[in-house]
Amino acid sequence: MKAFLILEDGTVFTGTSIGSTREIISEIVFNTSMTGYLEVLTDPSYAGQAVVMTYPLIGNYGICQEDMESLKPWPDGYIVRELSRIPSNFRSEDTIQHFLKENDIPGISGIDTRALTKILREKGTMNGMITTNEGFDLDDVISRMKNYEVTGVVKASTCKETFVLSGNGKKVALLDLGAKKNIAHSLHERGCEVTVYPALTKAEEILAANPDGIMLSNGPGDPKECTEIIAEIKKLYDSNVPIFAICLGHQLMALATGADTHKLKYGHRGGNHPVKDLETGRVYISSQNHGYVVDVDTMDPSVAVPAFVNVNDGTNEGLKYTNKNIFTVQYHPEACPGPQDSSYLFDRFLNMMEER
Amino acid sequence: MPKIQDIKKVLVLGSGPIIIGQAAEFDYAGTQACRSLREEGVEVVLLNSNPATIMTDKDIADKVYIEPLTVEVVEQLILKEQPDSVLPTLGGQAGLNLAMELEDSGFLKKHNVRLIGTTALTIKKAEDREMFKETMEKIGEPVAPSDIVENVEDGLRIAKEIGYPIVLRPAYTLGGSGGGIAENPAQCREILENGLRLSRVGQVLVERCISGWKEVEYEVMRDGAGNVITVCNMENLDPVGVHTGDSIVVAPSQTLGDKEYQMLRTSALKIISELGITGGCNVQYALHPDSFEYCVIEVNPRVSRSSALASKATGYPIAKVAAKIALGYTLDEIKNAVTKKTYASFEPMLDYCVVKMPRLPFDKFLSAKRTLGTQMKATGEVMSICTNFEGGLMKAIRSLEQHVDSLMSYDFTGLTDEELTETLHLVDDRRIWVIAEALRRGFSYESIHDITKIDVWFIDKLAILIEMEEALKKGPLTTELLKEAKRLEFPDTVISRLTGVSVEEIYDRRKENGITAAFKMVDTCAAEFAAETPYYYSCFGSENEAIQTSGRKKVLVLGSGPIRIGQGIEFDYCSVHSTWSFSKEGYETIIVNNNPETVSTDFDIADKLYFEPLTPEDVESIVDVEKPDGAVVQFGGQTAIKLTEALMKMGVPILGTAAEDVDAAEDRELFDKILEECEIPRPAGHTVFTAEEAKEAANKLGYPVLVRPSYVLGGQGMQIAISDQDVDEFIGIINQIAQEHPILVDKYIMGKEIEVDAVCDGEDILIPGIMEHIERAGVHSGDSISVYPAQSIDHEVKEKLVEYTRRLSRALHVKGMINIQFIVCGSDVYVIEVNPRSSRTVPYISKVTGIPIVPLATQVICGHSIKELGYEPGLQPEADYIAVKMPVFSFEKIRGADISLGPEMKSTGECLGIAKTFNEALYKAFAGAGIKLPKHKNMIITVKDSDKEEVVEIARRFQAQGYKIFSTSGTAKVLNDNGVKALMVRKLEQESPNLMDLILGHEIDLVIDTPPQGADRSKDGFIIRRNAIETGVTVLTSLDTAQALVTSMENKAKELTLIDIAKVKNV
């Protein structure tokens, strides 16, 4: 069946429908990872967005349940050049075609994803519609698209109830803002007992459990929308419990401590961005997925100083909080997908809890 | 300014002559690195014995020494030039081995010279099998269970412990020479004996056989600060068991999930960190197809064939970055030259699929085994880029230049299902075609996978191509079907063959429906950032990104495709220089080529690079977009010449010599007419079409005769026939290589072969020099030792040569280059071949005379006259130096190939000896070719009857050099009768100890064996030559070569004079 991807700027791509035939409007973003399509699909940070994979051959190794970063796929839509006809991998349990259908994710294949990526790069992230309705009215569609905003996505993607991954080591409270599974897993495999809290949990409740450390996870959407959570995070900041935050957690901590955030033209999504550790001068290749960034000039240096910077565009990639056991990063040390080069940050967090 | 400020003068080691396993990729890496070093103000001294390279140009390095790559030469050079550093990681295994020897002997330390780009410890950790294993164990990286052995008995014992099948790998050899898989003790013994001999350190690794696992490679980089990145990973379609150089390789990996991808990436980065490499490194893995188990197969701590491939596949210039790292820069300080926005400390992301296919030399060695194993056999490779794997494979296939254009190109329809199943077990260069036939017959993916171990993902892709063949056959050819066929990169010619619709109609229908190739950019970053480097590939069903630009006149420079015997790196040299010259003339330059190993496909050589197959349709797609003002075909060898007619049909003017004149030189009758008009004699001959006509012609001319197909390169299919029976056999072979052109039968004249390259502006000619071949006529010019200036011809002959060249150039209206081969017999001069294009000898003659021939030819093509360019027309004064060009062969790599020299070219590369005297030049040339004698001072001489008289003096001279001579009865008798002591040794079929035992006893330096001419070759001779070659013995099959060798030994100078050819100036 034919499918169409219509962009806010009026561009129309014609391809083949994959997954659900449901019509959706969403924010269109691109990801440059060459492997890890399932991890991308199941990363809750994509809630409210439709993802374009720039790598043209997707689905080659099928679906391996254990690689899922959450219980279900989150993007509103999925845009690819080509889906592999058969999957081939010893762990594969399903085809991506079936996976998309089963989870009611609409998508489009057979389009020039590079041309699409270039539009997003030049004009910035924009909204788009995926539809199988050949009789769409472009003007109508465009006006509907213009009204679309990514909203309420943290609430939608966080866990409903607190749960615990038991362990004998340090007790870590993980605030799930739309967390990828491997954050909890990375702590758990280091022996930590991880208690995962829903995003709207009160700081008092978390602190009452007397954790050795607090982990703020990644998550979707505009950080400034999360005003309630920011207020709670401020309390966590004041608590003196060691905190490590990733991505949205990093942005919320910055907002809680007086800095501002802004939306990048087209974000960073992929597994190849170099991040420089300003303390050591070392450069690490990172896994990235963010559309917003901390405006580092608005951060009071007596509160926090830049700890990591993106070598490509100089944007902030991490903060070290002054006189606090707090450090936060914009990128994803939990990888999945992407390079594992920064997994040492979890060790750093463990040391921080140890030294406290 | 280098980051490490006391690096001011660097000696760069090249890799020497092109051999299998060490080819053009090192010219590419070396050239890039030298330019990168000079950008930083470092003075570069270059040593490389290979004259056909761009890196040995005076524009590339400050001082250029085309001298043998031996320890003695490097030591002498270090004393002479006093560099503060040596950069050995760009010269392949040859460069590393040299560096190790210098380090081990303490020479570097003594003279205060440091190694940059690597350390001796790093090289040892990566290359010494035992240390490598220890290092891997230390960091917990798995390697296959193995042990190092230094003798056969230990090897057999270890093999038994590990369990068969086992893999044997000799330490410190190129392209896995001498290695192999043994299924049983007998095979194990055979491979061990050979491998122990070939290993520089006499060690062979005996290892668990992991054949059938997925083979995956990572190209990684590290800087002095410890930052590490991955440039690219690659997956071999052929599982472990086939050398990666002989495998079909795809980038990035296709069947690995992120978990597997990252697991191996992390491992590779751990390894490069532990080895402390500063620069690039290649790590090869075997990955179990049904688990996360993996083994590290090999680590190459230097740039390599794979790194060249990775550079071209991603756009990331590994060698350039490695050179900067060697000077102390860190990855985050080096700009990404493609995007000019990002830095070298990022990982390229591909939004396309790259397919590499090996170019194997079995078309040249019909008797050779086509089986592929752990020893590399490919002479070169092609790469293609597409948005899907199927299209990439189709493009790669048609880039190979071996009469293949689809999965239908080899016919296995004659096999029964059982035979086909049997054939699937054969691992050779036609395997994917066998699989294609199996798929056509409905063999299941699983059954094919069970036999071949090729991942079903790839098998499914082949099936998609087969299904398209069938859909096209079935028809009708709807627009949708045509669109899909083009998306899969079916050429119009193949679609036409399958559908019966004419190529013209397909073309028209494509145009009508907008089914045209679009060009996409290779930008290292999957379009995340705007890139400025115009490096393009084509695909269908996409938006075109190539932008027509500049307003300058545009010239299309057609490259020469994969490196193969007969068409080597020299044509890349010519293409690149021509491109640079057109650029200086104000043209916008566009290169089309498909060879990932070469300088021409570096992204900053031309204004635009199209990485595409060199077929008429592919070139036309580029022409449609670029609309060039002209195309130049005379620098890209036969590949480019073959496109002449197609380009003219597209309306692209051919710059330089006109197409009809190119034709006239190849068309026998036209050419004969021209020779007649010019009053130039040629050996009598006839053009024939059948064996009967050929025999009639041969008898009319009188045997011996030369039989060859017209329109070929490298003398392919050319043979000397001495009887009707030979003619029958040769015509049979010629017809096998799909000849559409007539066959030429010429009288064979035994004389001196002379070669001339000239530039002609339509009026005047410029001859930089006259070259003479050491071997008499009958040995292909590419396989002959060639001497400049000619040593044994007199003034009168010279005048004749010049005059004939002038007449021919004018008659053929040559504008640009011409290459003529003559035979001189007494004072008679015959023309045997004319090529109105650049030739193999151009780079070397340019370098020794200091005359920039290709730039001159290009300027002439652009309309300048020779006089205007400041040259006096005619033969140029002789240079101050004598140069000897020595062919280099790779026979030991190709099992079953006959090594005897003849009219068909067999050498893979060449080296040069330059000196003030002929003898020193000759000595250097032999040394450069790796012939370092004497060692044991034992030799075998066995010659055909007609050579027996002539061999006596040669034998006497070897004896005077202290050689003990062994001969079979006939030769021994002649020698002894003439007072040369020869020990009789039994023939092969006789009881032991015989000739074979002598060879296998490893005490023989040299075998001189001249095979009888014609098809009646003795089987014995063949076996002797093969065994000698495979045990590392030098074998000469021409008395002329033998005489040259003994001359060089007699005149071995105590100390060589090293010559900086950057200072050679034309007077």
Selection count, the stretch A:340-356, where residues are within 14 Å of chain B (Cβ to nearest Cβ) and in contact (Cβ under 8 Å) with a residue 24 or more places away in the chain: 3
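Just to check your reading of the model, which residue among B:759, B:802 is more than 25 Å from the chain's Cα centre (by Cα), part of a helix (DSSP H, G or I) and of a type in the set (Val, Ile, Thr)?
On the way: B:759 fails: part of a helix (DSSP H, G or I).
Answer to the selection: B:802.
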Among B:867, B:885, the single one that is touching a residue at least 12 places away in the same chain (Cβ under 8 Å) and in a strand (DSSP E or B) is B:885
Hits in the stretch B:199-233 (condition: among the hydrophobic types (A, V, I, L, M, F, W, C) and touching a Pro at 6+ places or on another chain (Cβ under 7 Å)): B:204, B:209, B:213, B:231, B:232
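In the set B:627, B:673, which member is basic (Lys, Arg) and farther than 30 Å from residue B:823 by Cα? Let's see the steps before the verdict.
Working: B:673 fails: farther than 30 Å from residue B:823 by Cα.
Every option except B:627 fails the conditions.
Answer yes or no as to whether residue B:374 is more than 14 Å from chain A (Cβ to nearest Cβ), closer than 30 Å to residue B:718 by Cβ, surrounded by 21 or more Cβ atoms within 10 Å (Cβ to Cβ) and polar (S, T, N, Q). Steps first, answer last, please.
Details: more than 14 Å from chain A (Cβ to nearest Cβ): yes; closer than 30 Å to residue B:718 by Cβ: no; surrounded by 21 or more Cβ atoms within 10 Å (Cβ to Cβ): yes; polar (S, T, N, Q): yes.
So residue B:374 does not fit the description; no.
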From the list A:274, A:333, A:337, exactly one residue is within 14 Å of chain B (Cβ to nearest Cβ), in a strand (DSSP E or B) and either out of contact with any helix residue (DSSP H, G or I) (no Cβ under 8 Å at 6 or more places or on another chain) or crowded, with 17+ Cβ neighbours inside 10 Å (or both). Which is it? A:274
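Give A:40, A:52 a once-over and let me know the one that is outside any strand (DSSP E or B), touching a strand residue (DSSP E or B) at 6+ places or on another chain (Cβ under 6 Å) and hydrophobic (A, V, I, L, M, F, W, C). Explain how you work it out, then say what you get.
Details: A:52 fails: outside any strand (DSSP E or B).
Going through A:40, A:52 in turn, just one is outside any strand (DSSP E or B), touching a strand residue (DSSP E or B) at 6+ places or on another chain (Cβ under 6 Å) and hydrophobic (A, V, I, L, M, F, W, C): A:40.
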Take residues that are in contact with a Lys or Arg (Cβ under 6 Å, 6 or more places away or on another chain) and more than 30 Å from residue A:92 (Cα to Cα) and tell me which of the helices (runs of 4 or more DSSP H) falling wholly in the stretch B:453-563 contain 1 or more. B:492-499
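Taking residue B:318, is it of a type in the set (Val, Ile, Thr), within 18 Å of residue B:252 (Cβ to Cβ) and either within 14 Å of chain A (Cβ to nearest Cβ) or under 24 Å from the mean Cα position of the chain (by Cα) (or both)? Break it down into steps so the answer makes sense when it comes.
On the way: of a type in the set (Val, Ile, Thr): yes; within 18 Å of residue B:252 (Cβ to Cβ): yes; either within 14 Å of chain A (Cβ to nearest Cβ) or under 24 Å from the mean Cα position of the chain (by Cα) (or both): yes.
For residue B:318, the condition - of a type in the set (Val, Ile, Thr), within 18 Å of residue B:252 (Cβ to Cβ) and either within 14 Å of chain A (Cβ to nearest Cβ) or under 24 Å from the mean Cα position of the chain (by Cα) (or both) - is met.
Condition check: in contact (Cβ under 8 Å) with a residue 40 or more places away in the chain, assigned to a helix (DSSP H, G or I) and outside the structural domain of residue B:199 (by TED's automatic domain parsing). Does residue B:102 satisfy that? Steps first, answer last, please.
Working: in contact (Cβ under 8 Å) with a residue 40 or more places away in the chain: no; assigned to a helix (DSSP H, G or I): yes; outside the structural domain of residue B:199 (by TED's automatic domain parsing): yes.
So residue B:102 fails the test.
For the stretch B:656-714, list the helices (runs of 4 or more DSSP H) that sit wholly inside it and hold at least 3 residues that are closer than 30 Å to residue B:555 by Cβ; which are they? First the steps, then the outcome.
Working: elements: B:659-666, B:668-678, B:691-701.
The helices (runs of 4 or more DSSP H) meeting that bar are B:659-666, B:668-678.
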Within the stretch B:339-370, how many residues turn out to be more than 13 Å from chain A (Cβ to nearest Cβ), crowded, with 22+ Cβ neighbours inside 10 Å and in a loop (DSSP other than H, G, I, E, B)? 1
State whether the residues of the stretch A:125-133 include one that is within 14 Å of chain B (Cβ to nearest Cβ) and either assigned to a strand (DSSP E or B) or within 30 Å of residue B:544 (Cα to Cα) (or both). yes
Name the pairs: first residue in the stretch B:224-243 and more than 12 Å from chain A (Cβ to nearest Cβ) and without any contact (Cβ under 8 Å) to a residue 60 or more places away in the chain, second residue assigned to a strand (DSSP E or B) and crowded, with 24+ Cβ neighbours inside 10 Å, Cβ to Cβ under 6 Å, at least 6 apart or on different chains? B:236/B:215; B:236/B:249; B:240/B:215; B:240/B:286
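Quick one: is residue B:630 surrounded by fewer than 22 Cβ atoms within 10 Å (Cβ to Cβ) and either in contact with a strand residue (DSSP E or B) (Cβ under 8 Å, 6 or more places away or on another chain) or hydrophobic (A, V, I, L, M, F, W, C) (or both)? Before you say what the answer is, go through the steps one by one.
Details: surrounded by fewer than 22 Cβ atoms within 10 Å (Cβ to Cβ): yes; either in contact with a strand residue (DSSP E or B) (Cβ under 8 Å, 6 or more places away or on another chain) or hydrophobic (A, V, I, L, M, F, W, C) (or both): yes.
Yes: the conditions hold for residue B:630.
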Can you tell me how many residues in the stretch A:57-85 are part of a loop (DSSP other than H, G, I, E, B), at the interface with chain B (Cβ under 8 Å from one of its Cβ atoms) and either basic (Lys, Arg) or touching a Cys at 6+ places or on another chain (Cβ under 7 Å) (or both)? 2
Failed condition for residue B:1058, given (1) of a type in the set (A, V, I, L, M); (2) in a helix (DSSP H, G or I); (3) more than 16 Å from residue B:933 (Cβ to Cβ); (4) modelled with pLDDT of 90 or more, with all others met? (2)
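Do the conditions hold for residue B:940, that is, is it of a type outside the set (Asp, Glu), under 35 Å from the mean Cα position of the chain (by Cα) and not in a helix (DSSP H, G or I)?
Values: of a type outside the set (Asp, Glu): yes; under 35 Å from the mean Cα position of the chain (by Cα): yes; not in a helix (DSSP H, G or I): yes.
For residue B:940, the condition - of a type outside the set (Asp, Glu), under 35 Å from the mean Cα position of the chain (by Cα) and not in a helix (DSSP H, G or I) - is met.
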Under the condition of being over 16 Å from residue A:115 (Cα atoms) and surrounded by fewer than 17 Cβ atoms within 10 Å (Cβ to Cβ), which residue from the stretch B:530-551 is nearest to the other protein chains (Cβ to nearest Cβ)? B:532
Look through the stretch B:244-292, keep the residues that are small (Gly, Ala, Ser) and free of Cβ contacts under 8 Å to residues at least 12 places away in the same chain, and return whichever of them is nearest to the other protein chains (Cβ to nearest Cβ). B:257
Residue list for the stretch A:278-303, restricted to those being out of contact with any strand residue (DSSP E or B) (no Cβ under 8 Å at 6 or more places or on another chain) and assigned to a loop (DSSP other than H, G, I, E, B): A:280, A:281, A:300, A:301, A:302
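Conditions tested, residue by residue: (1) out of contact with any Asp or Glu (no Cβ under 6 Å at 6 or more places or on another chain); (2) aromatic (Phe, Trp, Tyr); (3) more than 22 Å from residue A:276 (Cα to Cα); (4) not in a helix (DSSP H, G or I).
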residue	(1), (2), (3), (4)
B:302	yes, no, yes, yes
B:308	no, no, yes, no
B:312	yes, no, yes, no
B:319	yes, no, yes, no
B:325	no, no, no, no
Within the stretch A:98-117, considering residues that are surrounded by fewer than 19 Cβ atoms within 10 Å (Cβ to Cβ) and out of contact with any Pro (no Cβ under 6 Å at 6 or more places or on another chain), the one farthest from the other protein chains (Cβ to nearest Cβ): A:104
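So which residues in the stretch A:192-223 are of a type outside the set (Val, Ile, Thr), in contact (Cβ under 8 Å) with a residue 40 or more places away in the chain and within 20 Å of residue A:45 (Cβ to Cβ), if there are any at all? Give the steps one after another, and end with the answer.
Of the stretch A:192-223, the ones of a type outside the set (Val, Ile, Thr) are A:192-193, A:197-200, A:202-205, A:207-213, A:215-223.
Next, from what is left, pick out any that are in contact (Cβ under 8 Å) with a residue 40 or more places away in the chain: A:192, A:198-200, A:211-213, A:215-223.
Residues satisfying the conditions are A:198, A:199, A:200, A:215, A:216, A:217, A:218, A:219, A:220, A:221, A:222, A:223.
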So, residue A:281, is that one within 14 Å of another protein chain (Cβ to nearest Cβ), buried (at least 21 other Cβ atoms within 10 Å of the Cβ) and at positive phi or not? no
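The values are calculated or read from the model by the stated rules, or taken from the named source; none is laboratory data. These numbers come from a predicted model, not from an experiment. Methodologically, a virtual Cβ is constructed for each residue, glycine included, from the backbone with ideal geometry; neighbour enumeration extends over all protein chains shown.
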